[in-house]
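Q: Mind looking over this structure? Questions follow.
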Amino acid sequence: MLADAGIAYVSLAEADWDNAPEMPDTFRASVRDIFDGRILCAGRYDLHKAQHVLAHGWADMIGFGRKFIANPDLPARLEHGWPFNSLDPATMYGGGAHGYTDYPFHNQ
């Protein structure tokens, strides 16, 4: 029905809190089996998990929301295996520019 309705993509927003259960690969595979359009997955992804999901064809896109906030050069960090900046949750969801615009690029 979703494909027939012209849905652009399905978003699988996975639990992203500490100690959250992992989404089973069988669920991802079943979503792909019933929907042949674009699938976006997000929620505590790292490079290894993203590559695993993409390699199996269970998703077409991976969202790195919070990691992107703390790492303005995230694509380069993923490509080169550079470490991530730590995210300061106290600066999220309000306040000023601190925590949104001042995270350093790698080797700054």
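We did not get these values from a lab; they are worked out from the coordinates using the rules stated. Please read these numbers as outputs of a predicted model, since none were measured by experiment. All Cβ positions, even for glycine, are placed from backbone atoms using ideal geometry, and neighbour counts span all protein chains on display.
Q: Which label marks the calculated value of Rg and Dmax of the Cα atoms in Å, given the options [x] 16.6, 58; [y] 13.2, 37; [z] 16.0, 49?
A: [z]
Q: Continuing with this model, one more query. Under a point-charge model restricted to the Cβ atoms of Lys and Arg (+1) and Asp and Glu (-1), what is the dipole moment magnitude of the chain relative to its Cα centre, in debye to the nearest 20?
A: Around 100 debye, computed over the chain.
Q: Quick one: work out the % antiparallel among DSSP beta bridges in the chain, nearest 5.
A: Beta bridges within the chain, antiparallel portion: roughly 0 percent.
Q: Rounded to whole Hz and in sequence order, give me ³J(HN,Hα) for region 75-89 from the Karplus expression 6.51 cos²θ - 1.76 cosθ + 1.60, θ = phi - 60°, writing x for Gly and Pro.
A: Each residue's phi maps through the Karplus curve to give x, 5, 5, 5, 5, 9, x, 6, x, 8, 5, 7, 8, 9, x Hz.
Q: In whole Hz, with x marking every Gly and Pro, tabulate ³J(HN,Hα) for region 60-74 from phi via Karplus 6.51 cos²θ - 1.76 cosθ + 1.60, θ = phi - 60°.
A: Rounded to whole hertz, the list is 9, 9, 10, x, 10, x, 5, 5, 6, 4, 7, 9, x, 10, 3.
Q: Compute the length gained on full extension between residue 56 and residue 1: take 0.36 nm times their separation in residues and subtract their Cα-Cα distance, giving the result in nm to one decimal.
A: Fully extending the segment from residue 56 to residue 1 adds 17.5 nm.
Q: Running a GNM on the chain with Cα contacts under 10 Å, which residue among 68, 27, 84 ends up with the highest mean-square fluctuation?
A: 27
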